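Data block below; observations after.
The values are calculated or read from the model by the stated rules, or taken from the named source; none is laboratory data. As the structure is a prediction and not an experimental result, all values here were calculated from the model. No Cβ is skipped: glycine too gets one built from the backbone with ideal geometry, and neighbour counts run over all protein chains shown.
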Amino acid sequence: MFILQIFIILLATKIAGQISVRLGQPSVLGKIIVGIILGPALLGWVHESELLTVFSEIGVLLLMFLAGLETDLKEMNRNMKAAALVAIGGIVFPIILGYLGSQYYGMSVGESIFIGLLLSATSVSISVQTLRELGWLNSKEGTTLLGAAVLDDVIVVILLAVAMSFFAGSDTNIALLIGKKILFFVVLILASKWLVPQFIKLFSRFKVTEAVLSAGLIICFSAAYFAEFLGLAGIIGTFFAGIAIAQTDFKKEIEHKVEPIAYGIFVPFFFVNIGVAVSFDGIGNQIGFIVIFSIIAIISKFAGAGIGAKMAGFNMRSSMGVGAGMISRGEVALIIAAMGIESGLLPIEYYTAMIIVVILTTIVTPPLLKVIFGKRDQDGVIN
């Protein structure tokens with residue numbers, strides 16, 4: 001059965017992506033929408049399964065690994081102050097507006113804060129793919145967006161732990177939690193400087209097929225595991241693994257060989273998996289909730305991150321583009337929503353509605369970025 005799903009997903013995503021491009025939109029948009037069409041919400045041809053989840057996870061890990069390989073580290077370091085302002089703005093605004101919206105619907109203080117934190121999450125993977133298609137990934141705006149997304153993830157994870165310890169009785173050592181995040185970046189810096197280059201150089205001497213590619217993938221997935229082990233998203237690990245390899249002489253070879261593996265099979269599953277999460281069961285009386293919280297989710301990130309970018313010295317268009325790039329909540333918010341159900345901080349009756357809100361924020365991001373930024377060619381000319 002899964003072999004049939006592979007056939008359906010690969011065929012449908014490529015056709016949907018092409019249709020989306022022909023309509024003047026990034027291909028990502030068509031791929032996510034086709035996931036909704038194929039999933040339980042409409043046709044029911046593709047269902048959530050362990051293999052779909054695994055393929056999807058590998059896809060997003062490789063997507064962020066490639067983003068790291070393409071990132072200019074010097075440019076990213078130059079934009080860290082801007083990234084911090086964008087991240088802070090993109091967290092404060094959603095928490096405040098999400099809290100107020102939840103209070104309007106009669107939720108408790110703990111539930112309202114949790115909803116605010118859920119809306120503060122950012123999944124930059126959708127924006128990465130869109131910016132890549134539009135030619136903006138390695139721009140000042142693109143690197144600021146990536147840096148902001150990393151900081152956003154770290155801050156939101158810590159705030160979630162604090163909230164859950166207060167309101168859900170979670171026995172979390174906050175000092176240990178912060179210490180783990182610091183340890184991750186310390187180990188990462190040391191490994192990037194000494195371990196990664198030597199490891200790939202060693203593998204390059206092996207007389208076996210695709211030894212360098214294997215070395216790159218070993219670093220990629222070990223970084224993902226290490227990040228998740230210390231309480232961060234795996235995509236943060238693979239992103240920095242890509243940056244580390246980008247500083248070596250093997251960057252081009254690994255990038256050239258990983259790209260067809262990622263986009264040929266695994267990344268399409270990631271986009272479809274987002275759409276498959278949608279269900280329209282029992283939402284008839286929650287349309288108002290979905291509309292209000294979709295507006296809150298979009299406006300809060302767009303305004304908060306956009307104001308942060310403006311404070312950092314970006315012009316109006318760039319600030320709007322950075323704000324738009326932070327809107328997508330994607331798989332990160334889906335994971336947080338599941339945590340909310342387990343801890344009792346997300347009311348079960350609003351779970352499906354919040355999932356739809358998350359999917360809507362993910363769907364609006366690609367066309368918004370296209371409208372604001374436009375498509376840029378290799379010479380930097382905007383079409």
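Just a few scattered comments:
- Meets criteria (crowded, with 24+ Cβ neighbours inside 10 Å, at pLDDT 85 or above and more than 19 Å from the chain's Cα centre (by Cα)) for ILE9: yes
- Within the stretch 2-76, helices (runs of 4 or more DSSP H) holding 2 or more residues that are acidic (Asp, Glu): 50-70
- The single residue among GLY275, GLY231 that is under 25 Å from SER120 (Cβ atoms), under 17 Å from the mean Cα position of the chain (by Cα) and outside any helix (DSSP H, G or I) turns out to be GLY231.
- Any hit, the stretch 255-265, residues being buried (at least 24 other Cβ atoms within 10 Å of the Cβ) and either aromatic (Phe, Trp, Tyr) or more than 23 Å from LEU117 (Cα to Cα) (or both): no
- Restricting the stretch 297-331 to residues that are aliphatic (A, V, I, L, M) and in contact with a Ser or Thr (Cβ under 7 Å, 6 or more places away or on another chain), the residue that is nearest to ASN79 (Cα to Cα): ALA309
- Look at (1) of a type outside the set (S, T, N, Q); (2) farther than 28 Å from TRP45 by Cα; (3) surrounded by 23 or more Cβ atoms within 10 Å (Cβ to Cβ) and you find that MET311 fails only one, number (3).
- Here ALA223 qualifies as touching a helix residue (DSSP H, G or I) at 6+ places or on another chain (Cβ under 8 Å), within 18 Å of ALA67 (Cα to Cα) and without any contact (Cβ under 8 Å) to a residue 40 or more places away in the chain.
- Residues of the stretch 314-360 classified as assigned to a helix (DSSP H, G or I) and of a type in the set (Phe, Trp, Tyr), total: 2
- Test for TYR104: is it at pLDDT 85 or above and surrounded by 15 or more Cβ atoms within 10 Å (Cβ to Cβ): no
- Elements of the type helices (runs of 4 or more DSSP H) sitting completely within the stretch 109-226 and holding at least 2 residues that are among the aromatic types (Phe, Trp, Tyr): these cover 140-167, 174-190, 196-204.
- Verdict on ILE292 being surrounded by fewer than 22 Cβ atoms within 10 Å (Cβ to Cβ) and modelled with pLDDT of 90 or more: yes
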